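*Asks:* Handing you this structure, nothing more for now.
The values are calculated or read from the model by the stated rules, or taken from the named source; none is laboratory data. Bear in mind the structure is a predicted one, so any value in this text is a computation, not a measurement. Virtual Cβ from ideal backbone geometry, glycine too; neighbours counted across all protein chains shown.
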């Protein structure tokens, strides 16, 4: 029995860490679920890596784009409940699909290239990023790099769900013991340079953090966790210090994306940030 597939399942609670699904079926599934028709030109052309951003409906300058970024082994269909609940009068849904066997810095660079292309096409001035798990790490790295060069790509808000800010011990084990390990494991190892780089501050971009916890034992850890990622990794002290706000929910690693309480908080947060963006961000009313 090979070690890599076993560790893959442990890292994600799923047996599809490296497979996921190809872009077209995932996008078709999301469009079918949300009632949006296929769009021949609704997004970007794929990069050489296969990464692309798909617009689930024609671009509308009057609505704020919300970009959904999946985690390792994930796909846009992971966000079906969020897409169903999205206020389409205020927001338009975009989804990033990227191969999750990339080093995470490379995935962040791809994300930046794709958003730069969309900004050139549409000149959007605001963007909300909603990211799950490893997608949160990729998204924060994208923002740090963009802000370092004073090019935020229109991004105004980062919202992350169950992201492993302090890495994953199983990834560290796999990176050390598995010959030619999947490339993300190198960056997800708790002592990786990539994880250390994420501590750089994000001025002007509020970062909201959602984390999950699950009562009962876990096969992955004896520590408090969402069944896959420990609380210590989801909400380390530096994230608590830098986050605009953070909330915890009784949900497992994947289930938080369809948790009723988490969806309710997300929609309230999106409405709050839409009002702030529309007002120019000059005043920040209390978020209830």
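*Asks:* When residues of segment 74-85 are filtered for being in contact (Cβ under 8 Å) with a residue 60 or more places away in the chain and under 16 Å from the mean Cα position of the chain (by Cα), how many remain?
*Replies:* Number of matching residues: 6.
*Asks:* Residue check, residue 187 against (1) crowded, with 19+ Cβ neighbours inside 10 Å; (2) within 23 Å of residue 110 (Cα to Cα); (3) modelled with pLDDT under 80; (4) more than 15 Å from the chain's Cα centre (by Cα), all met but one. Which one?
*Replies:* Of the numbered conditions (1) crowded, with 19+ Cβ neighbours inside 10 Å; (2) within 23 Å of residue 110 (Cα to Cα); (3) modelled with pLDDT under 80; (4) more than 15 Å from the chain's Cα centre (by Cα), the odd one out for residue 187 is (3).
*Asks:* Follow-up. State the number of residues belonging to segment 150-173 that are at pLDDT below 75, surrounded by fewer than 24 Cβ atoms within 10 Å (Cβ to Cβ) and either more than 30 Å from residue 119 (Cβ to Cβ) or out of contact with any helix residue (DSSP H, G or I) (no Cβ under 7 Å at 6 or more places or on another chain) (or both).
*Replies:* Count: 5.
*Asks:* Name the residue that is surrounded by the fewest Cβ atoms within 10 Å (Cβ to Cβ), counting only residues in segment 226-262 that are in contact with a helix residue (DSSP H, G or I) (Cβ under 6 Å, 6 or more places away or on another chain) and either without any contact (Cβ under 8 Å) to a residue 12 or more places away in the chain or over 17 Å from residue 137 (Cβ atoms) (or both).
*Replies:* Ranking the qualifying residues of segment 226-262, first place goes to 247.
Conditions (1) touching a helix residue (DSSP H, G or I) at 6+ places or on another chain (Cβ under 8 Å); (2) modelled with pLDDT of 85 or more, marked per residue:
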position: 3; (1), (2): yes, no
position: 40; (1), (2): no, no
position: 56; (1), (2): yes, yes
position: 68; (1), (2): yes, yes
position: 85; (1), (2): yes, yes
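*Asks:* Anything in segment 107-120 that is surrounded by fewer than 19 Cβ atoms within 10 Å (Cβ to Cβ) and in contact (Cβ under 8 Å) with a residue 24 or more places away in the chain? List them, or say none.
*Replies:* Matches in segment 107-120: 112, 113, 116, 117, 119.
*Asks:* Checking residue 109 against (1) assigned to a helix (DSSP H, G or I); (2) farther than 24 Å from residue 260 by Cβ; (3) out of contact with any helix residue (DSSP H, G or I) (no Cβ under 8 Å at 6 or more places or on another chain), only one condition comes out false. Which one?
*Replies:* Condition (3) is where residue 109 drops out.
*Asks:* Answer yes or no as to whether residue 78 is farther than 20 Å from residue 273 by Cα, modelled with pLDDT of 95 or more and not in a strand (DSSP E or B).
*Replies:* Working: farther than 20 Å from residue 273 by Cα: yes; modelled with pLDDT of 95 or more: yes; not in a strand (DSSP E or B): yes.
The answer is yes for residue 78.
*Asks:* Would you check if there is a residue in segment 81-102 being crowded, with 24+ Cβ neighbours inside 10 Å and farther than 26 Å from residue 267 by Cβ?
*Replies:* So far as segment 81-102 goes, yes, one or more of its residues are crowded, with 24+ Cβ neighbours inside 10 Å and farther than 26 Å from residue 267 by Cβ.
*Asks:* Let me ask something else about it. Looking at 20, 73, can you tell me which residue is in contact with a helix residue (DSSP H, G or I) (Cβ under 6 Å, 6 or more places away or on another chain), buried (at least 17 other Cβ atoms within 10 Å of the Cβ) and either at positive phi or modelled with pLDDT of 95 or more (or both)? Break it down into steps so the answer makes sense when it comes.
*Replies:* Numbers: 20 fails: in contact with a helix residue (DSSP H, G or I) (Cβ under 6 Å, 6 or more places away or on another chain).
Residue meeting the stated conditions: 73.
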